[in-house]
1. How far apart, in nm, are the 7 Å Cα→Cβ label points at Ala199 and Ala269?
2. Using 1/(1 + (r/R0)^6) with R0 = 22 angstrom and r between the beta carbons of Arg51 and Glu232, what's the FRET efficiency to the nearest 0.05?
3. Rounded to the nearest 0.05, what FRET efficiency do Ser185 and Val312 have when you use their Cβ-Cβ distance and R0 = 41 Å?
4. In nm, to one decimal, how far is the modelled label at Ser131 from the one at Gln114, with both set 7 Å along Cα→Cβ?
5. Using θ = phi - 60° and the Karplus form 6.51 cos²θ - 1.76 cosθ + 1.60, what ³J(HN,Hα) does each residue of segment 209-217 get, whole Hz, x for Gly and Pro?
Amino acid sequence: MSTSEPFETVGRKTAARNTAARSWGERETIPGIAARRGPTAIVPRDSIAGRSLGAVIAIMTFLAALAAGVAMLVAGAASDWQSEVAREVTIQVRPLPGRDIEADIAAASAIMRQARGIAEVRAYTRQESASLVEPWLGTGITLGDLPIPRIIVVKLLPGGAANFGDLRKALAAQVPSASLDDHRSWIDRMRTMAETAVATGMVILALVIAVTVLSVTFATRGAMATNRTTIEVLHYIGATDGFVASQFQRHFLVLGLKGGAIGGGAAMALFGILQAADSWLIGRPGGEEAAALFGSLAIGPAGYVAMFVVIVLMALVAAVASRRTVSHTLENIE
């Protein structure tokens, strides 16, 4: 130490070295200060603010993973419904005055059996037609007293190329009381429902990411304000802005991975429980009806991969948001 150097300057340098040693584990012994064994992070790893942010990230990841899983469930169920509906068409034969409905049913069935791409043609009997309307009209119905139409179910060959336009023309010419329904309106509605579910999931994911970015930004600013002295000392001993930003980025990346793993793991466990419950309901009263209505509650490997991607995405969002906040704050300070 030079004798001409002011005592005040020497004191500031000594204090800076002491602070740096306490923060980063400098191995040399400084008078009056016990040397630390091992480096200490700028941001405390186990703090109330860190635990609170971890809980927020866990909740946000759970919601995002849940939205992704539900969207895939709805899309999968809609796809199953579409394939089931697209495999068959129905012909409705209405009773008209002066016409024999049994002859009309036979003629319509013959037209369909001769068509290309048809696998099976089955006309419902009177008793089967009565059972279709029993839930609404009750039992003991005499169909001859009511103009109840008869149904012909036509199953299509896989990949068959039935020409519904020509079939409608043939039915109109030979069986005026018959009308063909290829269920295209239902298929379009189910496709719209699936697309809406996926779009809703994407919107929820975007909102969750926005909330996570805001939370990490505020937490990073709070951590910088709390550790302002340490950051100034690091600048004093030559640390760059990139080095400081990387320390915050690493801290929030680990925090995001922990919170994301908790939230995403909870969502995966929930869907696992639903899948187990779905398997348990099969063969039980009401199980088949629930399966027909909601489809399978199993999201499959693709669903779990999507949830894992959400976990990683949330951690990366936390790390990037923290680094950008630190860099921007340090630029303004300078």
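1. Each label point lies 7 Å from its Cα, and together they span 3.6 nm.
2. It comes to 0.25.
3. Details: r = 41 Å, r/R0 = 0.99.
The calculated FRET efficiency here is 0.50.
4. Once both label points are built, they end up 3.2 nm from each other.
5. 4, 4, 5, 5, 4, 4, 5, 5, 4
The numbers here are math on the coordinates, done by the rules we state, and not lab data. Since we're looking at a predicted model, the values are computed, not measured. With ideal geometry, Cβ positions are generated from the backbone for all residues, glycine too; neighbour counts draw on all protein chains shown.
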